[in-house]
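Novice: Just passing along the structure, written as C-alpha cells.
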Amino acid sequence: MLWRHATLATLADGGWGLIEDGALLTRGATVLWAGSDAELPAGCDAAKEHDLGGALVTPGLVDCHTHLVYGGDRAAEFEQRLQGASYEEIARAGGGILSTVHATRAASEDALFEAALARARCLLREGVTTLEIKSGYGLTLAAEARCLRVARRIGESLPISVRTTYLGAHALPPEYTGRADEYIGAVCDWMHRLRDEGLIDAVDAFCESIAFTPAQTRRVFDAAQVSGLPVKLHAEQLSDQGGAALAAAYGALSCDHLEYLGADGIEAMRAAGTVAVLLPGAYYFLRETRRPPVEALRAAGIPIAVATDHNPGSSPALSLRLMAHMACTLLGLNPLEAVRGITVNAARALGLSDRGTLTRGQRADFVVWKLGHPRELVYWFGDHATQHVVSAGQELA
Ligand code: DI6
Ligand code: FE
C-alpha cells in the first residue's frame, strides 16, 4: 500500500522527525519505505494508493502498562476514598486489589474476555496498536492462566498486538494470609508452568509496603531469570523501597510509577538502560501529591514512557492520549516527550525494537489523524481524532 501526501511524524532520531508532504510504502506487515513524496523511489507500484491530503501520520500508539483483565469494578471504593479513606487503608482492610481478585475468580473466562475486549476496543479506536496486559487479579494457577489466556485471545480477536505480563506477585491472596514467603514460592512454580504454555512474555511484581518486599521481589526475578523471561517492576509508587535499583540489577525493561524514586534508583536505571514508565492516571486518581522526578530522569537521559495503567482501583482510564496530556500538565513532560512516551519509548519498555517509529523495516503500525501537528495529540482531549488505524499493514475497518 502507498500512502501519499502525508505529514509524517516519523519520531526517528530523537525528535518529531517531521516530513511535510511525505509518503509511506508498506508491504504486508512491514514499512518498505518512508520519506518525502518527491523522493519516492521510481517504479514502486502499489496495489492500493491513498492520497492523505496533508493529514498527519504517526506510529501506532503503544500502551505498555495495563491490567485490562478483571471482574467487577471499584466505583464504591472511589466513593469511599472521596470521603477520606486512603488507598492503603482500604487495601489493608481487605478491599482494594483483593476485592477485584474475588470478582475475577467468580467470573467466567468468557465474561472476562467480553469485558476486556470492550476496553481494548476503546484503546484501539484511539490508535493503540500494541497493548501490554498483566495478570494479577487471579492469584491461583488456574485463575492466572485464565486471565493470561483472555489476554492472548484479545490479541487474536482484534488487530492489536498484545504482550502479556505475569503479575502473580500483585497482592497476597487471603488463603495465604501470614504466609507471604510460601505464596512467593507458588508464584515462582506457576511462572514456569505458564511460561511453558506460552502465556508469558514478561514478569512483573508489586514491590511495596502493602504488597511484597524487595527480598520477595528478588525471588520472583530469580525465577524469571531461570525461565528466560524479562522483568519489569511496580516500583516506588507509594514509598521508596529501593525497588528500581533492584529491578535494574536484573536488567529490567522498565520500572513503572516511580513517584518516590530516589537518586540511587535513577543511577541504577540509567546504567541498566531501564525505561521509566510514568502513570499519570494513577497519580491523578489516587490524588498523589509527590511527582515522579521527571527532571532528574531527563537529566540522566533515561527513556521515559507513559501508559494508562488501566485497572479498576487506581486508574480506570481508557484513553492513552489523555494520559499523555496529563503527563504534560501534571508531571511536566513536554509534548514531544509525551508523544515519544506513548510510541517509541513505550515499545522499548516492552523490549520491542520493531515498532514505535515510521522507518524502513519497522512494523506497519501507524495512525492517520484528523490533526495537523503531532503536538496536537497531547493537546486536545476527549476527541476521536483517528482517520485510519493500520496494524501490521491491515487497516481497521
Ligand atoms: N499498582 C497499581 O496502581 C495497580 N496495581 C499496582 O500494583 C492498582 C491495582 C488495583 O488497585 O487494583
Ligand atoms: Fe499497574
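The values are calculated or read from the model by the stated rules, or taken from the named source; none is laboratory data. Everything quoted here is computed from the prediction, not taken from an experiment. A quick note on method: Cβ atoms are made from the backbone with ideal geometry, for glycine too, and the neighbour counts reach across all protein chains shown. Note: areas computed on protein heavy atoms with side chains; ligands, DNA, RNA excluded. Shrake-Rupley method; radii C 1.70, N 1.55, O 1.52, S 1.80 Å.
Novice: Could you work out how much longer the chain between ALA299 and ASP222 gets when fully extended? Use 0.36 nm per residue separation minus the Cα distance between them, nm to one decimal.
Specialist: My answer for the length gained is 24.6 nm.
Novice: Explain nothing, just compute: Karplus ³J(HN,Hα) = 6.51 cos²θ - 1.76 cosθ + 1.60, θ = phi - 60°, for every residue of segment 379-396 in order, whole Hz, x for Gly and Pro.
Specialist: Whole-Hz 3J(HN,Hα) from phi for segment 379-396: 9, 5, 9, x, 9, 10, 9, 7, 9, 9, 10, 10, 10, 6, x, 9, 7, 5.
Novice: Around TYR183, under 11 Å between beta carbons, what's the net of Lys plus Arg minus Asp minus Glu among the other residues?
Specialist: It works out to a net charge of -2.
Novice: Let me ask something else. Pick out, from ALA42, ILE304, ALA324, the residue whose Cα sits farthest towards the positive end of the charge dipole of the chain, with +1 on the Cβ of Lys and Arg and -1 on the Cβ of Asp and Glu.
Specialist: The Cα lying farthest towards the positive end belongs to ALA42.
Novice: Per residue of segment 260-273, in order, report the coupling 6.51 cos²θ - 1.76 cosθ + 1.60 (Karplus, θ = phi - 60°) as ³J(HN,Hα) in whole Hz, putting x for Gly and Pro.
Specialist: 9, 5, x, 4, 5, x, 4, 5, 5, 5, 4, 5, 8, x
Novice: So with the 1.4 Å probe, I'd like the accessible area per residue for segment 149-201, rounded to whole Å².
Specialist: The answer is 41 Å² per residue.
Novice: Kirkwood hydrodynamic radius (Cα pairs, Å) of segment 121-170?
Specialist: When all Cα pairs of segment 121-170 are included, the Kirkwood radius is 11.2 Å.
Novice: Rounded to the nearest 500, what is the chain's calculated 222 nm mean residue ellipticity when only DSSP H runs of at least 4 contribute -39500 (n - 2.57) each, over all residues?
Specialist: Values: 14 runs with 141 residues, N = 397.
It lands at -10500 deg cm²/dmol.
Novice: Which residue, chosen from LEU336, VAL31, GLY96, occupies the Cα position most advanced towards the positive end of the dipole of the chain, where the dipole is computed from +1 (Lys, Arg) and -1 (Asp, Glu) charges on Cβ about the Cα centre?
Specialist: VAL31
Novice: Classify segment 150-282 from the C-alpha gyration tensor, please: rounded if a/c falls under 1.5, else prolate or oblate depending on whether a/b exceeds b/c.
Specialist: Judged from the Cα gyration tensor, segment 150-282 comes out oblate (a/c at least 1.5, b/c at or above a/b).
Novice: I need the calculated FRET efficiency for the pair ARG193 and ASP13, taking r as the beta carbon distance and R₀ as 45 Å, to the nearest 0.05. Before the final figure, lay out the partial values.
Specialist: Working: r = 43 Å, r/R0 = 0.96.
Plugging the Cβ-Cβ distance into 1/(1 + (r/R0)^6) gives 0.55.
Novice: Out of LEU56, ALA76, LEU11, whose Cα points farthest toward the positive end of the dipole of segment 1-94 (charges: +1 Lys, Arg; -1 Asp, Glu; placed on Cβ)?
Specialist: The one lying farthest along the dipole's positive direction is ALA76.
Novice: Using a 1.4 angstrom probe and counting only protein chains, how large is the accessible area of CYS64 in Å², to 10?
Specialist: Counting only protein heavy atoms, CYS64 exposes about 0 Å² to solvent.
Novice: At 1.4 Å probe size, what's the solvent-accessible area of HIS388? Round to the nearest 10 Å².
Specialist: 40 Å²
Novice: So, one more: Among GLU132, GLU77, GLU49, determine the one that fluctuates most according to a GNM of the chain built with springs between C-alpha atoms less than 10 Å apart.
Specialist: Comparing GLU132, GLU77, GLU49 in a Gaussian network model of the chain, the most mobile one is GLU49.
Novice: For a protection proxy built on the mean count of beta-carbon atoms within 10 angstrom, sort 12-22, 351-361 highest first, please. Write down the numbers at each step before the final one.
Specialist: Values: 12-22: 15.7, 351-361: 18.3.
Ranking, from highest mean packing down: 351-361, 12-22.
Novice: How much accessible surface area, in Å² rounded to 10, belongs to the heavy atoms of ARG152 with a 1.4 Å probe?
Specialist: My reading of the accessible area for ARG152 is about 60 Å².
Novice: While we're on this one: Give, as a single signed number, the net charge of other residues whose beta carbon lies under 12 Å from the beta carbon of SER86, with Lys and Arg counted +1 and Asp and Glu -1.
Specialist: -1
Novice: For the chain, take N as its residue count and report Rg(C-alpha) divided by 2.2 N^0.38 Å.
Specialist: 0.97
Novice: Now for a different question. Please report, in whole Å, how far the alpha carbons of segment 242-397 spread along each principal axis, starting with the longest.
Specialist: 46, 36, 28
Novice: Rounded to whole Å and ordered largest first, report the semi-axes of the equivalent ellipsoid of segment 169-210 derived from its Cα gyration tensor (root of 5λ).
Specialist: 21, 12, 7
Novice: Write down the percent of antiparallel bridges among all DSSP beta bridges whose residues are both part of segment 1-120, to the nearest 5.
Specialist: In segment 1-120, approximately 70 percent of DSSP beta bridges are antiparallel ones.
Novice: On a 0 to 90° scale, report how tilted helix 109-125 is relative to the longest principal axis of the chain, with both axes built from alpha carbons and the result rounded to the nearest 10.
Specialist: Computed tilt is about 40 degrees.
Novice: Enumerate the aspartates and glutamates that LYS370 could reach by cross-link, defined here as Cα to Cα under 20 Å, with residues fewer than 8 away along the same chain left out.
Specialist: Qualifying aspartates and glutamates at Cα under 20 Å: GLU20, ASP21, ASP37, GLU49, ASP51, GLU126, ASP383, GLU395.
Novice: For LYS134, list the lysines whose Cα falls under 19 Å from its own Cα; do not include residues on the same chain fewer than 8 positions away.
Specialist: LYS232
Novice: Continuing with the same structure: Looking only at Cα atoms, what is the convex hull volume of segment 31-135 per residue, in Å³?
Specialist: Each residue corresponds to 176 Å³ of Cα convex hull volume.
Novice: Taking the alpha-carbon centroid of each part, what is the distance from segment 347-392 to segment 155-177 in angstrom?
Specialist: 25 Å
Novice: Between THR359 and SER157, how high is the FRET efficiency from 1/(1 + (r/R0)^6) when r is the Cβ-Cβ distance and R₀ = 30 Å? Nearest 0.05.
Specialist: Efficiency computed from Cβ-Cβ geometry: 0.55.
Novice: While we're here: With springs only between Cα atoms under 10 Å, which of LEU40, LEU320, LEU139 fluctuates most in a Gaussian network model of the chain?
Specialist: LEU40
Novice: With N residues in segment 127-224, what two-decimal value do you get for its Cα radius of gyration over 2.2 N^0.38 Å?
Specialist: Computed over Cα atoms of segment 127-224, the ratio equals 1.08.
Novice: Ranked highest first by average number of other Cβ atoms within 10 Å, how do 180-193, 247-260 line up?
Specialist: 247-260, 180-193
Novice: Restricting to the chain, what percent of DSSP beta bridges are antiparallel, rounded to 5?
Specialist: Numbers: 23 of 53 bridges.
Around 45 percent of the beta bridges assigned by DSSP in the chain are antiparallel ones.
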